[in-house]
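Notes follow once the structure below has been shown.
The values are calculated or read from the model by the stated rules, or taken from the named source; none is laboratory data. Note that this is a predicted model, so its numbers are computed, not measured. Cβ coordinates were reconstructed from backbone atoms using ideal geometry, including for glycine residues, and neighbour counts include every protein chain displayed. All accessible areas refer to the heavy atoms of the entire protein, side chains included, with ligands and DNA or RNA removed. Shrake-Rupley method; radii C 1.70, N 1.55, O 1.52, S 1.80 Å.
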Amino acid sequence: MRLLDRYLLRELLVPLAYCLGGFLVFWIAFDLFNELDTLQANRLRSGDILEYYLVKTPEFLVVVLPIALLLALLYSLSNHARHHEITAIRAAGVSLWRLAFPYFCVGFLASLVLFTFNELWVPSSAERAEQIKRRRLERQTNPVEQRQVRDLAFQNARDGRTWHIGVYDPGTSAMLRPEVIWTLPDGSQRWLYAERAGRVSGVWTFFNAREYRDGARTNPALVPSLQTNVLARPQFTETPDEIRSEMNISRRLGGRGERNADVPLAEILDFLRFHPKPSQADRNWLYTKLHGRLAAPWTCVVVVLIALPFGAAAGRRNVFVGVASSIVICFGYFILAQLGIALGTGGYLPAWLAGWFPNLTFGAAGLWLTARVR
């Protein structure tokens, strides 16, 4: 790594750390002020409160990391330009794009961090935080009963199976009163009823099971074909993760959950494998969310493209100009992101364009403005 790259990285990473730390302290203080009565009512101790905010930190970081990077870039670039350092570097034969190489490296790494947090930790952070918040209540429902889902129904259109489950435990994959109806390749149907079921060595196993098949065309009644204490069905390929995805996506599509809430890529892909031909409205929502989820982490790279022309322009400027610029840029990006999602889920834009609309717009604007920097 060249001496210049190390210098530019040091001048960027220091304000980036300050921005992240400042945002984190401000967010914890503001949230603690709002949640203090609830935390006290739930009798949480200082260790519980610390764990509570540690669990919620990834959710906060995915929101604030692009903003902190933008603010740090504008601050450091404006500071370099104010002291004519960028002019001197470019006079030495270093192009603006070469000068920005360490910034793009930071943006790329930040995008990877954002993607990892978004897919691995953020989806479960809200539920885990709620569990910590309620852990010391004297009269709380049995944790097993809390996570149980009653009257669960989901369809695997890909393999022609429909499941109806009286009680389902997502934690252990245990089922009570499961019923499975599926269509075989020859067009005939089977009905499976059991007292309970669960995963045994990765295979769905039904206990006290009864199986029925189609009757003859002249006899529409179901014909018993099998009754056994234990029945393993390795051909049932549905996994607990896929069932969880089906539950989460169906809840949002059915209006029983927050449609604007972020959905992990794995859950969207699992749902699309189960439902290869969703309705047009569901298809618009699913694919817009899918592309929006793919595009979101690359905001950190787009931030670098936007910060370059705003921060590297020659002239003596106050470094706090970067603060005002970052507020305007973030506001514009948020408006475009919401507009793209609305147009995509409404079917007015292709899903890929709706998801990538803010990144493409700001990325193209950043390239054009950077090319005009003298």
(request) Output the residues belonging to the range 147-181 that are in contact (Cβ under 8 Å) with a residue 24 or more places away in the chain and part of a strand (DSSP E or B). (result) Val149, Leu152, Phe154, Gln155, Asn156, Arg161, Trp163, Tyr168, Asp169, Ala174, Pro178, Val180
(request) State which residue is surrounded by the most Cβ atoms within 10 Å (Cβ to Cβ) when the search covers only the range 153-173 and only residues that are hydrophobic (A, V, I, L, M, F, W, C) and under 13 Å from Thr239 (Cβ atoms). (result) Trp163
(message) Among the residues of the range 235-260, what is the count of those that are under 16 Å from the mean Cα position of the chain (by Cα), open to solvent by 60 Å² or more (accessible area, probe 1.4 Å) and at pLDDT 80 or above?
(response) 2
(request) Might you check whether a residue that is closer than 21 Å to Leu269 by Cβ, at pLDDT 90 or above and open to solvent by less than 20 Å² (accessible area, probe 1.4 Å) occurs anywhere in the range 112-127? (result) yes
(message) Please pick out the residue among Ser201, Ser225, Ser188 that is modelled with pLDDT under 90, open to solvent by less than 50 Å² (accessible area, probe 1.4 Å) and among the hydroxyl-bearing types (Ser, Thr, Tyr).
(response) Ser188
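Pull up the range 292-302, narrow it to residues that are touching a Phe, Trp or Tyr at 6+ places or on another chain (Cβ under 7 Å) and more than 15 Å from Leu336 (Cα to Cα), then point me to the one that is surrounded by the most Cβ atoms within 10 Å (Cβ to Cβ).
Taking the range 292-302 as the starting set, the residues that turn out to be touching a Phe, Trp or Tyr at 6+ places or on another chain (Cβ under 7 Å) are 295, 297, 301-302.
Next, from what is left, pick out any that are more than 15 Å from Leu336 (Cα to Cα): 297, 301.
Working: Pro297: 23, Val301: 20.
Looking at the filtered set, the residue picked out is Pro297.
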(request) Check Ala72, Ala68, Ala29, Ala41 and return the single one that is modelled with pLDDT of 85 or more and surrounded by fewer than 16 Cβ atoms within 10 Å (Cβ to Cβ). (result) Ala29
